[in-house]
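Contents: one structure, followed by commentary.
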């Protein structure tokens, strides 16, 4: 079994309690950070570790922190993005429910690095269990002087607030999150300015994913070189992979970056349900372009390899689809999700995504028209890189890749005027 | 300054401006919906995306700042494709009800589709449907299905009126603009959202289905309902005002006007407008000819002057009438009759000024020309007297004849003033309709409303602005200056102005501060007096 970082102590009973966490090296990274390092040194260490954002975009975390202006005269904020909402992704929830102090420790160190005294965890509203656990953990952290004034008697001060999300996918987009945190509709902001200079309440703001922040204490404790020992040259560390779909052992697996997808599915996920044939895999959450069974044979799970294969690591939500999956039906379902979640402020996303959803559903229902596929691809082109936030491109990711890679299946639907796939009736998909 | 290139055209532009502003300088139109120069930038309609050399994505022209050496393309293939795409997106769920839409003819969506859009629809799905028409407030109706969700109306209520009644509700294609639960769009600036709306989503209840806009005649004028003097356009048809909208004037009203002014012109079309001179005979008012009226004034004034002296004649100028009108009153009283008793009527202020956080203000003084009336009636070296002081002279019997210019859209005199008016031997009143002034007049001369005449108002800042006739006068009613000029002439005065414009030249020659001003100098934005 590979060495784990984030899930190492996941099965230790009561690890969510601060005393147990402390017994397992908990808050030692924080102590080291505060006692031995200046904030800038922390940034340098994290830069050197090669840690990249685990929320989807993979932006280098240390570099992001270094963008925070030192002399803006405004308070700096740190927001932990815990609005995990990408379909197929369920790793942050596990980290928060099982090991909340690891996240809190990461937050405190990061806040120290960017000179922030008020941090927020913006947590998805549906995560009631994680909220309960975090509330308790935050309270304990205050009691044990790991939060609040003069942390570990090192003079650093940080307040941490848990903020329940207001229930929409787009609140997970970083500027949508900021709007929501300010009490407004989660509508992404126009960039520039970027949050690092003008973010929450117009102050410089760092926004990091739960998994990203949870890595920080370990990097400080054990050093960047140790961290770089995991994964590939440009995708360092381990990654939490969320396996779901037609797979025998769905769940969250922590493995080094660069693990072959095939190995992930077969060795860890226990292979396809019922020994059926693999048809396709969405590798990084629902918005990342789908891979065919042939591509799955070759691709490795890191930022560069997936990009080379025309997809993305994204949030590493691996959705496995076997031969009983109708790709048109699956696409209709995915576009329906995006059509429902578009915030509606910018035109191409608001109108285009709903239009695509209607067409996809119509094709699945056997009412496809000649030219529908060209129309879908042209709508994608009219959305691609033209929306206010990345959601437009998230929504077209599946459309373009499904049609390009499974075109004959779409054409069969249109030609035959019905869905020709023999689906697994035990799986219910809302139409 | 930055050196940039737009569509091959090289030009120098100030640093820090946006591509959209630079294009405007270069005379290039970049179509847009959500951008409005008085509101914050949202960048959400995606209509204004342009191509910039070395930038991989198209960028919003409204929010992208110019950089030196920037090379911008506003009509490259990619830009044109995006515009067509965005317009198609707007239209797929749009009801295409232009034949019955108030905005048709002045609709940005219509114009852009005509210019940049496609003639064929690729949309075969069912359109989204919404409640057809919602009442948001006393003046504004909303058609959600026509809305392009540019958010200008919402930002106006957040940033200009700061009343925050509006928001976008629901998500995705179910998004719609509405008032917050329990709220109404009833702030005093609500009508501006109708002007801001680029399509027919926000419409005016008053104007709804009144006319196709291309049948309207547009007349530039000034709002007569407070001393701010918002620049307006009167839209009329068949000698009726159908709509009043603000004209931009950064010195006075930015782009806005208040609902009091926008919807408060109905007095112009009162059923009881006066159409001929009226003479009191017992309890009755009898219609007489202008010749009879002028002779009556001349006879009665001459009698009073010869029996009680010229000081027994007094006049009250009107802040509701133009400088030209009040100037002729001054000529009559001070130059022809040579009586010193002239004052300007000033209504007691009953309201506080309404100042919006954005700076826009509805003034407490509900007359458009108090400053101007005071300017033209002032006599150098003589302390002006108030109309109440002057009325005391009437009460004491010192004044026997009173020439009173009315013209207020609404007037309510204090009881003591009304009692005094009852006692005047000879009261002549100019007004456009029966009022508390005409009630006790021996002679009522019918004048014109602001919408039927030429002239100037001087606003509270001392800005002199022109009004222009949008309508024909009712019956035999005349502008006050013309009536007064005829009386001057009847009484031996040597005045002969052929037009209001010439009267203004007379003012420019005689009244301090107005020197050098002329109608052409005032243009359509007015000029501050000296």
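Any read-out appearing in this document is the output of simple, stated calculations on the displayed coordinates, not a laboratory observation. In this text the structure is predicted, and so the values were computed from the model without any measurement. Don't worry about glycine lacking a Cβ; one is built from the backbone with ideal geometry, like all the others, and counts go over all protein chains shown.
Peptides A:66-74, A:4-12 ranked from most to least packed, by the mean per-residue count of other Cβ atoms within 10 Å: A:4-12, A:66-74.
Using R0 = 41 Å, the C-beta based FRET efficiency linking residue A:4 and residue A:375 works out to 0.30.
Taking a point 7 Å out from the Cα of residue A:154 in the direction of its Cβ, the residues of segment A:22-58 whose backbone N falls within less than 11 Å of it are A:27-39, A:42. Cβ-to-Cβ counts within 10 Å put A:410, A:59, B:504 in ascending order as A:59, A:410, B:504, the fewest first. For the protein assembly as shown, the share of DSSP beta bridges that are antiparallel, to the nearest 5, is 60%.
With all pairs of separate Cα atoms included, segment B:188-228 yields a Kirkwood hydrodynamic radius of 12.4 Å.
Peptide B:165-176 is shielded by partner chain Cβ atoms: per residue, an average of 5 of them sit within 10 Å of its Cβ. The C-alpha atoms of chain A define a longest principal axis, and helix A:128-143 lies at about 10 degrees to it. Ranked by the mean number of other Cβ atoms within 10 Å of their residues, highest first, the peptides B:518-524, A:342-348 come out as A:342-348, B:518-524.
Each of B:40, B:339 was scored by other Cβ atoms within 10 Å of its Cβ. Arranged with the fewest first, they read B:40, B:339.
For segment A:137-167, backbone nitrogen atoms closer than 17 Å to the point 7 Å from residue A:201 Cα along Cα-to-C-beta are found at A:148-149, A:157-164.
In plain terms, the chain from residue B:292 to residue B:386 could stretch by 30.6 nm, reckoned as 0.36 nm per residue minus the Cα-Cα distance.
Quick note on segment A:109-208: its Rg to Rh ratio, both from C-alpha atoms and Rh being the Kirkwood radius, is 1.00. Calculated [222 nm] ellipticity per residue, helices only, for chain B: -7000 deg cm²/dmol; basis is -39500 (n - 2.57) per DSSP H run with n ≥ 4, divided by all residues, nearest 500. Here r is the Cβ-Cβ distance between residue A:408 and residue B:25 and R0 is 45 Å; the resulting FRET efficiency, rounded to 0.05, is 0.25.
Here the spin labels are modelled as points 7 Å beyond Cα on the Cα-Cβ line, and at residue B:41 and residue A:12 they lie 5.1 nm apart.
For chain A, divide the Cα radius of gyration by the Kirkwood radius and give the resulting Rg/Rh value with two decimals. It would help to have the intermediate numbers written out before the result.
Working: Rg = 21.9 Å, Rh = 22.3 Å.
Ratio of gyration radius to Kirkwood radius for chain A: 0.99.
Is the shape of segment B:278-524 best called rounded, prolate or oblate, per the rule: a/c under 1.5 gives rounded, else a/b larger than b/c gives prolate, else oblate, with a ≥ b ≥ c the square roots of the Cα gyration tensor eigenvalues? In terms of gyration-tensor shape, rounded.
Can you give me the Rg/Rh ratio for the protein assembly as shown, using Cα atoms for both radii and the Kirkwood formula for Rh?
When Rh is taken as the Kirkwood radius, the ratio is 1.13.
Counting pairs of alpha carbon atoms under 8 Å apart in space and at least six apart in sequence, what relative contact order in percent does chain A give? Don't skip to the answer; put the middle values down first.
Values: 882 pairs, mean separation 67.2, N = 431.
With pairs under 8 Å counted, the relative contact order is 16 percent.
The reciprocal of the average 1/r between distinct C-alpha atoms defines the Kirkwood hydrodynamic radius, which for segment A:18-228 equals 16.8 Å. Cβ-Cβ distance of residue B:396 and residue B:239, R₀ of 51 Å, FRET efficiency by 1/(1 + (r/R0)^6): the value works out to about 0.65. Based on C-alpha pairs under 8 angstrom that are at least 6 apart in sequence, segment A:327-416 has a relative contact order of 36 percent.
Over chain B, what relative contact order in percent results from Cα pairs under 8 Å that are six or more residues apart?
RCO, chain B: 11 percent.
Here the label points at residue B:303 and residue A:416, each 7 Å from Cα along the C-beta direction, are separated by 10.8 nm in the simple model. In chain B, inverting the average of 1/r over every pair of distinct C-alpha atoms gives 26.0 Å as the Kirkwood radius. Spin-label model, residue B:358 to residue A:266: label points 7 Å out along the Cα-to-beta-carbon direction sit 6.6 nm apart.
When each of B:81, B:67, A:405 is scored by the number of other beta-carbon atoms lying within 10 Å, the sequence from fewest to most is B:67, B:81, A:405.
Okay, which of segment B:131-145 sit inside 11 Å, backbone N to the point 7 Å along the Cα-Cβ direction of residue B:209? Those under the cut-off are none; the list is empty. Once you have a ≥ b ≥ c as the square roots of the Cα gyration tensor eigenvalues for segment A:372-431, tell me rounded if a/c is under 1.5, and otherwise prolate or oblate according to whether a/b is larger than b/c. Taking the square roots of the gyration eigenvalues as a ≥ b ≥ c, segment A:372-431 is oblate. Of all the options A:234, A:47, A:23, the one that moves most in a Gaussian network model of chain A with Cα springs shorter than 10 angstrom is A:23.
Note on A:338-345: average number of Cβ atoms from other chains within 10 Å of each residue's Cβ is 5. With q set to 0.12, 0.17 Å⁻¹, the log10 of I(q)/I(0) for segment B:2-95, from the Debye formula over equal scatterers at the Cα positions, is -0.36, -0.69. Counting, for every residue in B:323-331, the Cβ atoms of other protein chains within 10 Å of its Cβ and taking the mean gives 0.
Potential lengthening of the chain between residue B:183 and residue B:505 amounts to 110.8 nm, from the contour at 0.36 nm per residue minus the alpha-carbon distance.
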